[in-house]
Amino acid sequence: MTPLLSILTDPNPLLRRRAAEVDAATLERLRRDGFLDRLTATMIAADGVGIAATQVGVASRIIVVLKERQPHCYVNPEITSRSTRETTDTEGCLSVPGVIGVVSRSNTVTVRARDARFRLVKVKCSGLLARIFQHEVDHLDGVLFIDRATRTASATDPGVMNIV
C-alpha cells in the first residue's frame, strides 16, 4: 500500500502560498520518489475528486483530478479560457473539513498543462469537471473555495440542503 500524505487544513499558512512552476527534472524526481502516487492515493483515500500538491505542503504546481473515474495528474495547469456563463453550486474541500459553501464558477474551461510524463495536454471540460479544475488551480494560487463562497455552512448542519 502506498503511504498517504497528511492533508493540511485551514488556517495553515502554506495553503495561502502561490505554488512554483515545475520543470521536467523536478517532475521526474517527484515521480521517481513516488510523490505523484502518494498524492493520488491520498486523494482517493480521502474520497476527494481533486487535490493540489499545496494541500499536502508541497509548493509545486501539480494537481490530481478525477476524470472519467480515473485520477489524472496535471503539472503547471493553466486555465486558458473560461465561459462567461457560470453555475452556482456547493463546494467542499479536503483542506476545509466540515464546511461547504456556495460558489459561482465558469461552466466550461480549457486547461493547458503537462501530464505525469511532462507531455503537453489540453483539456476542454464543463460541468463538475470544470468546477474541479477551477477549484484545484485556485489552490495552486493560494485561494480557498471559502474565499469565493457567497455563503458557507457546516456540512453537518441539518439545514445545509437549503444553502444554494
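Rule-based calculations on the coordinates, nothing more; no lab input. It should be emphasised that the depicted structure is a prediction, and the values quoted were computed from it without experimental measurement. FYI the Cβ positions are ideal-geometry reconstructions off the backbone, even for glycines, and counts take in every protein chain you see.
Could you work out which residue, out of Thr108, Thr88, Thr42, moves most in a Gaussian network model of the chain, that is, has the largest mean-square fluctuation with Cα springs under 10 Å?
Most flexible of the set in this elastic network: Thr88.
Give the relative contact order (percent, whole number) for the chain; include only Cα pairs under 8 Å separated by 6+ residues. All intermediate terms of the calculation are to be shown ahead of the outcome.
Numbers: 323 pairs, mean separation 39.8, N = 164.
Relative contact order, the chain: 24 percent.
Please return the longest range in the chain lying between exposed loop sites, taking trypsin sites (Lys or Arg not before Pro), DSSP loop only, at most 10 other beta-carbon atoms within 10 Å, and leaving the sites out.
Values: sites that count: Arg69, Arg85, Arg119.
In the chain, the maximal stretch lacking such sites is 1-68.
Considering only Phe133, Ala25, Leu5, whose Cα is most displaced toward the positive end of the charge dipole of the chain, charges sitting on Cβ of Lys, Arg (+1) and Asp, Glu (-1)?
Of the candidates, Ala25 comes out farthest on the positive side.
Considering the convex hull of the alpha carbon atoms of the stretch 49-124, report its projected area averaged over all viewing directions, in nm², one decimal.
Averaged projected area of the stretch 49-124's Cα convex hull equals 5.7 nm².
Placing unit charges on C-beta atoms (Lys and Arg positive, Asp and Glu negative, everything else neutral), compute the dipole magnitude of the stretch 7-164 about its Cα centre in debye, rounded to 20.
The calculation lands at about 520 debye.
For the chain, what is the mean residue ellipticity at 222 nm derived from helices alone (per DSSP H run of n ≥ 4: -39500 (n - 2.57); sum divided by total residues; nearest 500 deg cm²/dmol)?
Only helices count here, giving -6500 deg cm²/dmol.
Quickly work out the Phe118-to-Asp141 label distance, labels modelled 7 Å from Cα along the C-beta direction, and quote it in nm with one decimal.
Here the modelled spin labels are 2.7 nm apart.
With a 10 Å radius around each residue's Cβ, average the other Cβ atoms per peptide and rank 89-98, 43-52, highest first.
43-52, 89-98
Using 0.36 nm per residue, how much length does the chain from Ile79 to Thr150 gain when fully extended, once their Cα-Cα distance is taken away?
The Ile79-Thr150 span can extend by a further 23.3 nm.
Run the quick spin-label model on Arg16 and Gln70: label points 7 Å from Cα toward the beta carbon, then report their separation in nm to one decimal.
In this crude spin-label approximation the distance works out to 3.9 nm.
Can you give the convex hull volume per residue for the Cα atoms of the stretch 34-164, as a whole number of Å³?
Working: hull volume 13.6 nm³, N = 131.
About 104 Å³ per residue, rounded to a whole number.
For Glu86 and Ile44, what does the FRET efficiency come to when R0 = 30 Å and r is the distance between their Cβ atoms, rounded to the nearest 0.05?
Efficiency computed from Cβ-Cβ geometry: 0.55.
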